[in-house]
Every structure is written in structure tokens, then in C-alpha cells.
Amino acid sequence: MTSGVIVSSIGAGDPPAEGGDVFGEYLRAKAKADQELEASGLDYTVVRPASLTDEPPTGLVTIADRVERGEIPRADVVAVLAAVLTAENAVGKTFEVVSG
């Protein structure tokens with residue numbers, strides 16, 4: 001069972017260098033939070049969803065170390081989060097998720 005789950009962001013695995021726009025600052029902050037959870041000693045899972053939408057859930061997602069940028073309904077992200085809470089194979093993992 002995972003004791004620490006964090007909702008990060010696609011792109012946080014390779015955030016832009018210092019400077020730039022507000023979204024770059026957001027990705028750097030997400031990356032730092034991910035790193036701090038990973039270093040915490042807790043059993044963790046880092047979920048990095050694509051751009052969130054308010055569309056109805058599809059129930060279909062693609063999960064991988066890296067996915068193509070795209071969109072995902074918030075409700076599908078919630079379903080992924082609920083699943084990783086009890087998935088032994090999610091412990092210690094960081095992955096991206098997108099619709100599909």
C-alpha cells in the first residue's frame with residue numbers, strides 16, 4: 001500500500017531551466033515536491049497527469065514513464081489515484097498519465 005501519493009504534472013520530470021514564464025516556475029516547483037517525496041523514506045507514487053479537462057471520464061488511460069502530451073479528464077486522474085493507493089506495483093514509481 002502506498003503511503004505517499006502526489007499529483008504532479010507532465011513535464012515535471014524535465015522542467016525548464018530557471019527563468020522564463022510562470023508555467024516553467026510551476027514545473028520546477030512540482031519537480032522539487034516530487035524529489036522531496038521520493039527522498040522522504042515513505043512508500044510513494046508520483047502521478048504526472050497531462051493537461052486536465054472537465055470532460056466526462058473515459059475510463060481509458062495510458063500510463064508510462066513518458067507519454068505524449070495531451071489531455072485527461074480530472075475524473076480519470078482521480079480513478080488512477082484511487083487505484084495506486086492499493087497497488088503494490090505502484091510503490092516507488094513515478095509515471096505520466098494521459099487519456100487513451
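The values are calculated or read from the model by the stated rules, or taken from the named source; none is laboratory data. Because the structure is predicted, anything quoted here is derived from the model rather than measured. Positions of Cβ are generated from backbone atoms using ideal geometry, with glycine treated the same way; all protein chains shown enter the neighbour counts. Just the protein is used for accessible areas: all its heavy atoms, side chains included, with ligands, DNA and RNA removed. Shrake-Rupley method; radii C 1.70, N 1.55, O 1.52, S 1.80 Å.
Test residue 57 against the criterion of being at pLDDT 95 or above, surrounded by 13 or more Cβ atoms within 10 Å (Cβ to Cβ), over 17 Å from residue 5 (Cβ atoms) and not hydrophobic (A, V, I, L, M, F, W, C), and give yes or no. Yes. Among the residues of region 9-18, the one identified as touching a residue at least 60 places away in the same chain (Cβ under 8 Å) and either outside any loop (DSSP other than H, G, I, E, B) or surrounded by 20 or more Cβ atoms within 10 Å (Cβ to Cβ) (or both) is 10. Scanning region 69-100 for residues that are surrounded by 17 or more Cβ atoms within 10 Å (Cβ to Cβ) and in a strand (DSSP E or B) turns up 72, 73, 94, 95, 96, 97, 98, 99. For region 51-63, the set of residues classified as of a type in the set (A, V, I, L, M, F, W, C) and either part of a strand (DSSP E or B) or closer than 15 Å to residue 93 by Cβ (or both) consists of 52, 61, 63, listed by residue number.
Tallying residues that are open to solvent by less than 60 Å² (accessible area, probe 1.4 Å) and touching a residue at least 40 places away in the same chain (Cβ under 8 Å) within region 36-45 yields 2. Hey, does region 19-35 have a residue that's within 18 Å of residue 4 (Cα to Cα) and open to solvent by 90 Å² or more (accessible area, probe 1.4 Å)? Yes; the residues of region 19-35 include at least one that is within 18 Å of residue 4 (Cα to Cα) and open to solvent by 90 Å² or more (accessible area, probe 1.4 Å).
Give 48, 66 a once-over and let me know the one that is open to solvent by 20 Å² or more (accessible area, probe 1.4 Å), touching a strand residue (DSSP E or B) at 6+ places or on another chain (Cβ under 8 Å), of a type in the set (Lys, Arg) and not in a strand (DSSP E or B).
Values: 48 fails: not in a strand (DSSP E or B).
When all the criteria are applied, what remains is 66.
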